[in-house]
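Data first, discussion second: the structure below is written as structure tokens.
All of the numbers you see were taken from the coordinates with simple rules; none came from a lab. Just so it is clear, the model here is predicted, and its values are computed rather than measured. Cβ placement follows ideal geometry from the backbone for every residue including glycine, while neighbour counts extend to all protein chains displayed.
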């Protein structure tokens with residue numbers, strides 16, 4: 001393990017990196033390198049800033065592809081994952097494209113204490129209501145019923161994923177945007193011989209921490225305790241960014 005992420009070496013001498021938004025081991029390695037430890041380190045979920053992305057239900061989505069490339073996932077398991085991925089994509093398309101008319105869905109909405117609709121709306125908009133779950137919706141959508149039969153034993157996992165991806169789509173996309181923005185900071189490299197003591201605009205604590213830890217890039221520097229966002233802005237200005 002090296003650097004600020006978990007690096008995986010594969011047979012073709014290529015590296016695959018597990019970042020903080022991809023796996024808890026990425027958080028663990030980055031914390032140990034960036035922050036250091038004065039006492040035993042425990043990997044709590046609260047240490048991860050991208051907990052919406054690091055969910056239990058999407059672990060296979062985050063890690064199976066990389067696991068297969070380094071040889072830790074069998075071909076059989078990988079094919080099962082690809083089949084599940086295909087069915088989830090199909091389910092999301094159904095929810096995006098299938099419209100439900102008032103005369104079909106309003107009885108359910110009234111039963112669940114949700115406002116009835118006056119015109120046909122997409123299934124995903126019905127599912128986004130807190131009172132409605134995907135199994136409620138399935139009773140009024142033949143396409144979802146057929147999908148469950150096609151999925152077989154995977155049906156429960158697929159329907160759970162469809163519901164989470166639909167109900168929390170806004171939160172998930174926002175966290176992805178934040179993660180991508182932070183990843184761009186990883187590309188701004190800091191020289192190993194950089195003398196932070198000469199930048200008087202940095203806080204005293206930031207100068208001490210940066211000189212001690214010697215971060216490899218701005219992304220790592222931003223996660224060091226005692227280095228504030230204003231200190232990061234000073235570094236960016238100093239680097240001409």
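Can you tell me the orientation of helix 204-213 relative to the chain, as the angle in degrees between its alpha-carbon axis and the longest Cα principal axis, to the nearest 10?
90 degrees
Based on Cα coordinates alone, diagonalise the gyration tensor for segment 43-170, multiply each eigenvalue by 5, take square roots, and list the semi-axes in whole Å, largest first.
32, 18, 10
Could you please rank 101, 69, placing first whichever residue has the fewest other Cβ atoms within 10 Å of its Cβ?
Least to most surrounded, the residues fall as 101, 69.
Would you mind classifying segment 188-238 by shape? Square roots of the alpha carbon gyration tensor eigenvalues, ordered a ≥ b ≥ c; an a/c under 1.5 is rounded, otherwise it is prolate if a/b is larger than b/c and oblate if not.
Rounded, since a/c falls under 1.5.
If I fit a long axis through the Cα atoms of helix 169-186 and take the longest principal axis of the Cα atoms of the chain, what angle between them do I get, 0 to 90°, rounded to 10?
Roughly 20 degrees between the two axes.
Just subtract the alpha-carbon distance of residue 149 and residue 204 from 0.36 nm times their residue separation and send over the number in nm, one decimal.
That works out to 13.5 nm of additional length.
Cut-off is 10 Å between beta-carbons; in what order do 44, 159 appear when sorted fewest neighbours first?
Least to most surrounded, the residues fall as 44, 159.
What is the chain's relative contact order, in percent, from Cα pairs under 8 angstrom and six or more apart in sequence?
Relative contact order of the chain: 16 percent.
Given [x] 47; [y] 37; [z] 26 as candidate values of percent of Cα pairs over 29 Å apart, which corresponds to the one derived from the coordinates?
[x]
Could you state the angle between the C-alpha long axis of helix 75-97 and the longest principal axis of the C-alpha atoms of the chain, as a value from 0 to 90 degrees rounded to the nearest 10?
60 degrees
How do the peptides 27-40, 190-203 rank, highest first, by the average count of neighbouring beta carbon atoms within 10 Å per residue?
Sorting 27-40, 190-203 by mean packing, highest first, produces 27-40, 190-203.
For 222, 46, what's the fewest-to-most ordering of other Cβ within 10 Å of each Cβ?
46, 222
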